[in-house]
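What follows draws every value from the coordinates through simple rules; no lab data is involved. This one's a predicted model, so the numbers in the text were calculated from it and none came from an experiment. Cβ atoms come from the backbone with ideal geometry, glycine included; neighbour counts cover every protein chain shown.
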Amino acid sequence: MAFFVAVVVAMASACTDINNGNKKVRSIGNTSEVLIVVQNEQQWDNNIGKTIRQYLAKDQYGLNQPEPVFKLSHIQRQSFSELFQKQRNILIVNIDKKAKNPKIEIFKDQWAAPQVVIKITALTSDGFIDTFKNNAELFSNKFNTTERERILSVYRTSAPNKITKKVAEVFGLDMVIPKDYYVAKYDSNFMWIRRETHDFSQGLIIFSEPYVDTAQFSTASIIARTNRYQKQFVPGSAEGSYMSTDDKYVLPRATVISDFFTDYAIEIRGLWTVKGDFMGGPFLSYTFVDPRHHTIVTIMGYVYYPNKNKRDMLRQMEAIIYSTRFSK
């Protein structure tokens with residue numbers, strides 16, 4: 001296992017932007033889609049395909065309805081034409097009898113932009129499967145990053161705007177937020193930003209408190225603060241109702257992440273609900289320390305889209321939150 005990880009790190013660190021200054025065509029593909037390139041149909045039907053589906057097409061945690069993390073499509077190598085090479089996320093299966101050791105190659109923007117191409121070469125199917133399992137989290141993170149890049153490339157066309165300027169003013173944070181959002185409520189250490197349409201709602205909730213110690217990073221502490229601010233500032237449509245974290249159907253799940261803009265952050269995924277009303281949906285939040293102001297900050301993104309799939313809309317909120325930087 002250590003060998004495989006070392007190969008990945010070496011290949012990933014050696015990868016460079018191979019644009020060479022030339023403008024790449026825009027990548028294609030639906031949101032959250034990954035194209036798997038196999039050498040033959042048997043690979044997709046046997047344990048290679050089953051392993052890929054097990055990790056990349058598993059259910060996204062914290063959604064009301066089951067949806068896979070990625071939507072997978074596959075194609076045989078002989079049909080991997082120039083058109084398919086423009087796909088945003090590509091995984092290439094390469095079983096090579098001449099291969100001495102398993103090898104992982106990761107290319108950024110090889111045929112289009114934004115794009116990530118991951119090629120796994122192994123001597124046998126078992127070698128491929130072991131390599132994939134040992135590095136599945138890395139592959140998922142690479143594809144997630146490309147998805148966020150694509151979303152932000154669209155959102156940046158309308159930023160900065162008055163919403164982003166207000167966030168910078170209150171929290172000292174730069175974020176890419178589309179202009180069709182608006183500030184619904186704010187205080188000295190709280191802000192509620194909304195996007196409302198006839199069919200759905202998306203929103204951001206940002207709050208900060210003085211940083212005291214690491215106990216504030218516990219799941220219980222983050223949820224307690226989130227619920228407190230929601231009860232105070234985010235009312236529901238019914239009298240006396242308010243937003244809160246659901247702890248009955250889906251327990252909030254916390255994960256330490258290392259690819260955020262800060263050195264350390266806690267991601268929490270779960271469901272929100274409205275106490276005293278019949279509303280709810282998925283959310284994700286990121287909690288980190290702002291060393292400039294000695295505060296602990298939480299940015300929460302949520303979606304309300306009754307009886308509809310919400311994975312891609314939640315991914316949009318993830319992209320917005322990942323755009324966060326400390327203001328200069």
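Seen against the Cα atoms of the chain and their longest principal axis, helix 2-14 is set at about 80 degrees. Here LYS275 is the anchor, and the aspartates and glutamates within straight C-alpha reach of less than 19 Å, apart from those fewer than 8 places off in the same chain, are GLU239, ASP246, ASP247. Output the antiparallel fraction of DSSP beta bridges having both residues in the chain, as a percent to the nearest 5. Around 75 percent antiparallel, to the nearest 5.
Quote the FRET efficiency, to the nearest 0.05, computed for PHE261 versus SER73 with a Förster distance R0 of 25 Å and r equal to the Cβ-Cβ distance. About 0.20, to the nearest 0.05. Candidate cross-link partners of LYS98 among the lysines, defined by an alpha-carbon separation under 21 Å and a same-chain spacing of 8 or more, comprise LYS119.
Looking at region 2-155, what % of its DSSP beta bridges pair antiparallel, to the nearest 5?
Looking only at bridges with both residues in region 2-155, the antiparallel portion is about 25 percent.
Comparing region 138-239 with the 2.2 N^0.38 Å rule of thumb, its C-alpha radius of gyration ratio is 1.25 (two decimals). From the alpha carbon centroid of region 261-328 to that of region 141-215 is 9 Å. Angle between the Cα long axis of helix 125-155 and the longest principal axis of the chain, 0 to 90 degrees, nearest 10? Once rounded, the angle reads 50 degrees.
Per-residue extension of 0.36 nm, minus the Cα-Cα distance of TYR61 and ASN189, leaves a gain of 43.1 nm for this segment.
Ordering VAL93, PHE128, ASN307 by the projection of their Cα atoms onto the charge dipole of the chain, which places +1 on the Cβ of Lys and Arg and -1 on the Cβ of Asp and Glu, puts VAL93 at the extreme positive end. Computed over the Cα atoms of region 42-190, pair by distinct pair, the Kirkwood hydrodynamic radius stands at 18.2 angstrom.
The label point for LYS98 and the one for GLU169, both projected 7 Å from the Cα toward the Cβ, are 6.5 nm apart.
Given only helices, namely DSSP H runs of n ≥ 4 each adding -39500 (n - 2.57), what is the per-residue ellipticity at 222 nm of the chain, to the nearest 500 deg cm²/dmol?
Rounded to the nearest 500, the figure is -9500 deg cm²/dmol.
How would you classify region 159-326 from its alpha-carbon gyration tensor, with a ≥ b ≥ c the square roots of the eigenvalues: rounded for a/c under 1.5, else prolate if a/b is greater than b/c, otherwise oblate?
In terms of gyration-tensor shape, rounded.
Under 14 Å from a point placed 7 Å out from the Cα of PHE80 along the Cα-to-Cβ direction: which residues of region 88-102 have their backbone N that close? Residues 88-96 fall inside that zone.
Both radii were evaluated on the Cα set of the chain; the Rg over Rh quotient, with Rh as the Kirkwood radius, amounts to 1.00. Each residue in PHE278, PHE217 was given a count of other beta-carbon atoms within 10 angstrom of its own, and listing them fewest first yields PHE278, PHE217. Computed from the C-beta positions of ASN141 and GLU239 and an R0 of 51 Å, the FRET efficiency is 0.70 to the nearest 0.05.
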